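Since the structure comes first, as structure tokens, the remarks are kept for the end.
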Amino acid sequence: MHLNVTDGEVLLSLLKQTCRKINKISADGAYETRQCDGTVRIKRVVPLIPPIKGATFWGRGYPRHLTVSCQKLYGSNEH
């Protein structure tokens, strides 16, 4: 059976699989979605997820805005 599911769509179920407290989550740009941001907020986890190249602001109240601002000022981490 093939399922067309993105990395970001499975984040909540991945976090539910552990009974331990998770303090930080590190992931690639595939997890840089509003859905993942909501999951991270619910679980009260610190996200270490870089914004994708050309990221834009999502609106008020998103902690990732500081990271996006730095990316716009200094460029992405791609060489």
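In nm, to one decimal, how far is the modelled label at Gln17 from the one at Leu48, with both set 7 Å along Cα→Cβ?
2.0 nm
For a footprinting-style exposure proxy, rank Cys19, Cys70, Cys36 by other Cβ within 10 Å, fewest first.
Taking fewest neighbouring Cβ atoms as first place, the list is Cys19, Cys70, Cys36.
Return the long-range amide H neighbours of Ile25 (sequence gap of 5 or more, or a different chain), with a cut-off of under 5 Å between placed amide H atoms.
Val46, Leu48
For Lys43, which lysines qualify as cross-link partners when the Cα separation must be under 24 Å and same-chain residues fewer than eight apart are set aside?
Lys16, Lys21, Lys24
Mind sorting out which of [x] 29.3, 93; [y] 30.2, 102; [z] 13.7, 45 is the real Rg and Dmax of the Cα atoms in Å computed from the coordinates?
From the options [x] 29.3, 93; [y] 30.2, 102; [z] 13.7, 45, the structure gives [z].
Which of Val68, Val5, Val10 comes first, and how do the rest follow, when ranked by fewest Cβ neighbours within 10 Å?
Values: Val68 19, Val5 9, Val10 13.
Ascending Cβ contact count within 10 Å gives the list Val5, Val10, Val68.
Going toward the positive end of the dipole of the chain, with +1 on Lys and Arg Cβ and -1 on Asp and Glu Cβ, which of Cys70, Tyr31, Val45 do you reach last?
Val45
With charges set only on the Cβ (+1 for Lys and Arg, -1 for Asp and Glu), what does the dipole of the chain come to about its Cα centre, in debye to the nearest 20? Present the calculation step by step, with values, prior to reporting the outcome.
Working: 12 positive and 6 negative charges, 98 e Å.
Result for the chain is approximately 480 debye, rounded to the nearest 20.
So between Val5 and Ser26, what do we pick up on full extension, going 0.36 nm a residue minus the alpha carbon distance?
Numbers: separation 21, 0.36 × 21 = 7.56 nm, distance 1.96 nm.
In short, 5.6 nm is gained.
Just to confirm the number: angle between the C-alpha axis of helix 34-43 and the first principal axis of the chain, 0 to 90 degrees, nearest 10?
60 degrees
Taking θ = phi - 60°, what integer Hz values does the Karplus form 6.51 cos²θ - 1.76 cosθ + 1.60 yield along the range 5-14, in sequence order, with x for Gly and Pro?
10, 7, 4, x, 6, 9, 4, 4, 5, 5
Just rank Arg44, Arg20, fewest to most, by other beta-carbon atoms within 10 angstrom.
With the fewest neighbours first, Arg44, Arg20 line up as Arg20, Arg44.
Any chance you could give the angle, 0 to 90 degrees and rounded to 10, that helix 65-74 forms with the longest Cα principal axis of the chain?
The angle comes out at about 40 degrees.
Every read-out reported here was derived from the displayed coordinates using simple, explicitly stated rules and does not represent laboratory data. Just so we're clear, the structure is a prediction, and the values are computed from it rather than from any experiment. So basically every Cβ, Gly included, is an ideal-geometry build from the backbone, and we count neighbours across all protein chains shown.
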